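Worksheet: the structure to be examined is printed underneath.
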Amino acid sequence: MALAIKVSNLVKRYKDLVALDHFNLEVEEGEILGLLGPNGSGKTTTINCILSLLSYDKGEILIFDQEMKPDSYEIKKNIGVVMQNVAVFDEMNVYENIDYFCGLYIQDKNLRKQYVEEAIAFVGLEDYKKFLPKKLSGGLLRRLNIACGIAHKPKLIFFDEPTVAVDPQSRNQILEGILALNRNGATIIYTSHYMEEVEQICTRIVIMDNGKNAAVGTKEELKKMIKNTESISVEILGLAQEDIDTMKRLPHAYSAEYADNHLKINFSGGKHNLVRVLEYLQEKNIPFGRVYSELPTLNDVFLEITGKALRD
Amino acid sequence: MFFHNFKYALKSLLKTKETIFWTLIFPIALGTFMYMAFGNLMDQEEMFHSVPVAVVSGKENSELETVLLALSEGEDPMLKVSFMEEPDALKALEEEQVEGVIYTSDTSLLVNESNLNASMLETVLEQYKQIEYVCADIGTNNPGMLPEVVMQLMGDQEYFIETTTSDGCQNEYYNYFYAIFAMSCLFASFSAISRINKLQANVSALGMRRCLSPNGKIVAVTAEYLALLIVHFIIELIVLAYLMLLGVDFGGHYPAIALILLLGCSIGLSIGVIIASIYKLSEGAKMGIAVSIGMLLSVMADLCAAGIKDFIEHHVPVLNRINPAVVISDSFYALNVYDDYSRYTGNMLILSVMAVLLLGISIMILGRNKYASL
Amino acid sequence: MQVFKSYWKILNRYKGQMIMYLSIFMVVLFCFIIPNDMGEDGENQYTSMKAKFAVFDYDHSAASEALISYLEGIHIIVELKEDDTETIQDELFNRNIDCVLRIPEGFGEKLANGEQTGLVEIVAIMGTTISMLFETDLNTYLNFVNAYLLAGYDSKIAIEHTDTALNQQVDVRLPEQGDTSVMGNRYYYFNYLGWVLICMMVIGIAPILMVYNKKNLKERVHCSAYPFSRIHQEILLGVVLTGIGICAVIIAGAVIAFQGDVFSASGGLYILNMFSYMLVALGFAFLVSNLAANVEIVNMFANVISLGMAFLCGIFVPTEVLGKGVIAIAHFLPAYWYSQACGRIEHYTNGALGEILTCMGIELLFAATLVVLGMTISRKKRVEA
């Protein structure tokens, strides 16, 4: 599989702080790579280095097999960026903004017109063409931001936390849109600390922590990396310590916690863990309320691998 | 690509109505106030007009009265004489209807203040007394020649030839108007700061996106700069037209004036670009610096008080050579007052060098595509 | 006191500009205006106006030297390094000299021969009164010399007699209260404040008020447990303290410059007048904060208002020389009353106290009007939003 991006041994220091510590990354063409990590882990720094906006101390960055530099204009032609902060002109309307940015890449007037219309349709802003940014709601503004970044149909697109402060409806539409772009052949780098989104759309995930690769792989591969395969939560009033200890010793169980009238047991492996828990409770005549069986989330993965929560 | 950026830079600029409005309104408003304040000042204060004077006659000195009357006859007389009783004369003096009161009984003068008109009246009376003395002196020692002497003394020979160094406008208050242009050129730096902030990745998200375009940043910078230059230049021309309409006489030479304004705007914009590249500051702080620099340089070019530019010229002239506000102001002056273009040309050279130098520095700073931190 | 504390934090960002204006004011005043004899202590005696003239004597005869000596005695001689058009033009334009006297070679001879035209050359700005005064004196001198020559005296004696004749002087009196047009240094200091105070206060304070006006922030603060009135009180306290602080700096400057004069009755009135005007400035700041859309515009407002009033109300240009129409307009501007008060304070007599207090009262009225105007606009905006 051809590599869209290859980052080797990237080091970036801010005085004494090491923001990126020999960071490596490989992004295959046609995939959606999720870059996960808490604030300060180096996600945005990585992207800015890859885009040659930020200088770095050591390392090599190749995009489509060519070295990426500030004046690598051929490569830049194929890159699109949707930044965390909305990057549009306040004094120009939706159409003009998209037209401007598309025009930086597409010289041909007719082709550009077509692309701009397609971009507007893609993000669903047909009814807002003449609106100024200040008249758009948060969600619509984000959509404009996206349109400006992808109008020129780039092969490689970076999305840096594009759904911050966006209503759920718009958020879903954005995620759908990203999938559509990917289906059309774009390679996508998607950063976020909303793991649900990452789980939803990304083919592979990189978990970053302290400027390093903490873990890399598909969702399933990542989840296999950790001990936890299943968590079962039961609503129980007044559970005795003895029972907690017993359930801890159930097959494949490795921890049991009880707090706020909720019992949570973590299992590593095993197929019928839920049945066993319920059987035990029925045997002991312990009344219980709701029961949840959850597969480990990326948060759990992250927690185990780094020792802290994703949203710290 | 250049044209695409240029088109949008122009569009974008013209849409920020507020900034354009104020960059235009400020010099127009200031010019209007100045014109209202001293449109007529030179004429009123410095040019000679017949001096209105009240004369309180004493019975004894009809000769003085004859002389005074004679002086108020004809075209453009020296005096405008009104004979009055003392109380009326004092009232007229207090109400400033006359500049002074002459008492013919003792050839004395009463005035409100020590000013030019008072000195004029004093001179008239002194001359009268002095001629009296000379007549008496010669009459005593050489009475035969007296009639000829009297003829001589009463004649109006002019022993001097009066020339002037310039036919242009010598109104020193014009320094203020020249300074308005200097200031509004320098204030073009505001627009430059706000536009350039949108091009820098370490200042705005918009700048970041534009830094990723597949063209050199120089293209975008040049396009923005050109758009800014055109818009500001046109604004200056509008201000010029307005002031001329009001009645300020810049002396013709319009293409030459246009060149001053073009270079002036260029310098103002370049200063703005350089300030904008100091990335550690907020936009507000950058504007503050731009205002400070603009105001300081303009005040040194006589924007608020006349005489500063001259003072510096006599003590540290090199400061005036490197202060673009002064060079701009001096260019206007030179065009108005001198017949040849040598001084003007010298100033244009200085402005051109400044413009090119500042522009060069600003492009170099902006050309940086990679930042150590964002 | 959270709002009060945050007020100072924001002010800190704008203090640079405020200091800049204050510095320009101090530098201009102390380096250029005051040393240039623009403020002499009130004269009670009449003095003749003297032309500043430069002379180039190419004759070097007894006659030319006598002429120069005479003119030097009644006018002011200024040295010019070079006799070239450009130097002369510049010095004339900047009013460093009023005219140039060029005595060509052969002057002495021509005078002795009784020639009456073209003996000397005068370079001046044509038609000005001051050049006329000089020319009249010059003419009189040469005319008298000629008269004596005509009467049969020789050159030397003619010149001597002329000198004596010209010693005749006229008694010129001023009214009892002296020359009311001459102003002291304190007047210039406080009068120019009329420009600087407005500029400083609007630029420094309007942006801070705008920060609190910003919709999101306002709503956020209003949602907090902070009572509405308390927020406004604390902001007001901050604003007033800023005003007082700046007044203190200005008073300190005045004390350094004028020492004891500041602690007299008139000094006290100057300070009182300044406080009244400070309130006007704060009123402007409040009004502008409700009008301007962003900080760039605040700057423009500040400069237009302060400079405009400075030109029209007798601060940069004395009211005596302003046209009647301008003065009529000026009555509607607070700076005019401030400047009028300054003028009356400078020539303070006990009777004038009433007038001075009236001026201050009008200034306070303006301040109140500005605040009301600002509040009306603010309310209107709130309703529309």
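The values are calculated or read from the model by the stated rules, or taken from the named source; none is laboratory data. Keep in mind that this is a model prediction, so the values were computed, not measured. No Cβ is skipped: glycine too gets one built from the backbone with ideal geometry, and neighbour counts run over all protein chains shown. For the accessible areas, the whole protein counts, side chains as well, though only heavy atoms, and no ligand, DNA or RNA atoms are used. Shrake-Rupley method; radii C 1.70, N 1.55, O 1.52, S 1.80 Å.
Of interest is the spacing of the C-alpha centroids, which for the range C:66-131 and the range B:1-77 amounts to 29 Å. Evaluated with a Cβ-only charge set (Lys, Arg +1; Asp, Glu -1), the range C:3-162 carries a dipole of roughly 1540 debye about its Cα centre, given to the nearest 20.
About the Cα centre, and with charges only on the beta carbon of Lys, Arg (+1) and Asp, Glu (-1), how big is the dipole of chain A? Nearest 20 debye, please.
On the way: 37 positive and 44 negative charges, 88 e Å.
That gives chain A a dipole magnitude of about 420 debye.
Distance between the 7 Å Cα→Cβ label points at B:Leu259 and A:Leu179: 6.8 nm.
Work out which helices of chain B, taken as complete DSSP H runs, extend at least 27 Å along their axis over the Cα atoms and score a mean Kyte-Doolittle of -0.5 or more, then list them.
Working: long enough: B:17-38 (31 Å, 1.18); B:116-141 (37 Å, -0.01); B:217-246 (44 Å, 2.14); B:254-276 (33 Å, 2.28); B:342-366 (36 Å, 1.74).
Flagged H segments are B:17-38, B:116-141, B:217-246, B:254-276, B:342-366.
Kirkwood radius, the range A:227-295, all distinct C-alpha pairs, inverse of mean reciprocal distance: 11.7 Å. Here is the list for the range A:167-253: trypsin sites (Lys or Arg not before Pro) lying in DSSP coil, each with at most 10 other C-beta atoms within 10 angstrom of its C-beta, are A:Arg249. Projecting the Cα atoms of C:Asn146, B:Leu69, B:Leu153 onto the charge dipole of the protein assembly as shown, computed from C-beta unit charges around the Cα centre, puts B:Leu69 farthest toward the positive end. At 4 °C and 1.567 mPa s, grab the translational diffusion coefficient of the range A:65-118 from Stokes-Einstein with a Kirkwood Rh over Cα pairs, rounded to a whole number in µm² per second. Here the translational diffusion coefficient equals 101 µm²/s. The mean count of C-beta atoms from other chains within 10 Å of the C-beta of residues in B:176-184, rounded to a whole number, is 1.
Scanning chain C for trypsin sites (Lys or Arg not before Pro) that sit in a DSSP loop and have at most 13 other Cβ atoms within 10 Å, the longest stretch containing none of them is C:215-385.
Would you please give the FRET efficiency between B:Gln157 and C:Thr85, computed as 1/(1 + (r/R0)^6) with r the Cβ-Cβ distance and R0 = 30 Å, to the nearest 0.05? Walk me through the numbers on the way to the answer.
On the way: r = 28 Å, r/R0 = 0.92.
That gives a FRET efficiency of 0.65.
The residues of the range A:3-224 expose on average 41 square angstrom of accessible surface per residue, using a 1.4 Å probe on protein heavy atoms.
Placing unit charges on each Cβ (+1 for Lys and Arg, -1 for Asp and Glu) gives the range A:1-153 a dipole about its Cα centre, and among A:Phe89, A:Pro38, A:Tyr100 the Cα reaching farthest toward its positive end belongs to A:Phe89.
Rounded to the nearest 20 debye, the dipole magnitude of the range B:51-196 is 780 debye, with +1 charges on Lys and Arg beta carbons, -1 on Asp and Glu beta carbons, and the Cα centre as origin. Label sites at B:Ala241 and C:Ile157, each approximated as a point 7 angstrom past Cα along Cα to Cβ, lie 7.4 nm apart. Partner aspartates and glutamates whose Cα lies under 15 Å from the Cα of A:Lys69, excluding those fewer than 8 positions away in the same chain, are identified as A:Asp57, A:Glu60. With a Förster radius of 51 Å applied to the beta-carbon distance between A:Asn39 and A:Leu278, the computed FRET efficiency rounds to 0.80. The distance between label points at C:Ile68 and C:Ile256 comes to 4.4 nm (points 7 Å beyond Cα on the Cα→Cβ vector). Quick one: how many lysine pairs does the range A:188-303 have with C-alpha atoms less than 27 Å apart and a gap of 8 or more or different chains? Give me the count, please. Eligible lysine pairs with Cα atoms under 27 Å apart amount to 20. For the Cα trace of the range A:1-148, dividing Rg by the Kirkwood Rh returns an Rg/Rh value of 1.02. Relative protection proxy for A:51-57, C:355-361, from highest mean packing down: A:51-57, C:355-361 (other beta-carbon atoms within 10 angstrom). Here C:Val78 and C:Thr319 are evaluated by their C-beta separation; at R0 = 25 Å the FRET efficiency comes out at 0.25. Shown here are the Rg and Dmax of the Cα trace of the protein assembly as shown, at 41.3, 158 Å.
Rounded to a whole number of µm²/s, how large is the Stokes-Einstein D of the range C:52-165 at 20 °C and 1.002 mPa s, given Rh as the Kirkwood radius over C-alpha pairs? Let's see the in-between values first.
Numbers: Rh = 14.5 Å.
Approximately 148 µm²/s, per Stokes-Einstein.
Can you pull the percent of chain B's accessible area that's carbon plus sulfur, 1.4 Å probe, other chains left in place? Don't skip to the end; give the middle numbers.
Working: 9200 of 14810 Å².
Carbon plus sulfur share of accessible area: 62 percent.
Figure legend: label point modelled 7 angstrom from the Cα of C:Leu236 along Cα→Cβ; residues of the range C:277-303 with amide N under 18 Å from it are C:278-290. Taking amide H as placed 1.01 Å from N in the peptide plane, B:Val51 has its amide H under 5 Å from the amide H of B:Leu79, B:Lys80, each at least 5 places away in sequence or on another chain. Applying a DSSP loop filter and a limit of 13 other Cβ atoms within 10 Å to the trypsin sites (Lys or Arg not before Pro) in the range A:121-156 leaves A:Lys130. For the set B:Val56, A:Val291, the ranking by accessible area, highest first and with no ligand, DNA or RNA atoms included, is A:Val291, B:Val56 under a 1.4 Å probe.
With no solvent and one point on each alpha carbon, what is the Debye value of log10 I(q)/I(0) for chain A at q = 0.09, 0.10, 0.12 Å⁻¹? So the normalised log intensities work out to -0.57, -0.67, -0.86.
The count of lysine pairs in chain C that are at least 8 places apart or cross chains, and whose C-alpha atoms lie under 16 Å apart, stands at 9.
Take every residue in peptide B:116-124, count the Cβ atoms of other chains within 10 Å of its Cβ, and give the average of those counts. Can you show the working numbers first?
Numbers: counts 8, 2, 7, 12, 6, 2, 8, 9, 2.
So the per-residue partner count for this stretch is 6.
Across peptide C:146-155, the average count of Cβ atoms from other chains found within 10 Å of a residue's Cβ is 6.
Among C:283-296, B:79-92, how do they line up from the highest to the lowest mean number of other beta-carbon atoms within 10 Å? Spell out each step's value before the answer.
Numbers: C:283-296: 21.9, B:79-92: 15.9.
With the highest mean Cβ count within 10 Å placed first, the list reads C:283-296, B:79-92.
The lysines within cross-link reach of A:Lys76, meaning a Cα-to-Cα straight distance under 19 Å and a gap of 8 or more places when in the same chain, are A:Lys6, A:Lys153, A:Lys155, B:Lys217, B:Lys370.
Give me Rg over Rh for chain B, both radii from the alpha carbons and Rh done the Kirkwood way, two decimal places.
1.21
A full extension of the chain between B:Ile234 and B:Lys11 corresponds to an added length of 78.8 nm, given 0.36 nm per residue minus the alpha carbon distance. Dipole of chain C computed with +1 at Lys/Arg Cβ and -1 at Asp/Glu Cβ about the Cα centre; of C:Tyr192, C:Ile125, C:Trp8, farthest Cα towards the positive end is C:Trp8. For the range B:49-154, the equivalent ellipsoid derived from the alpha-carbon gyration tensor has semi-axes of 28, 14, 12 Å in decreasing order. Here the range C:281-311 is scanned for amide nitrogen atoms under 12 Å from the site 7 Å beyond the Cα of C:Lys9 along Cα-to-Cβ, giving none.
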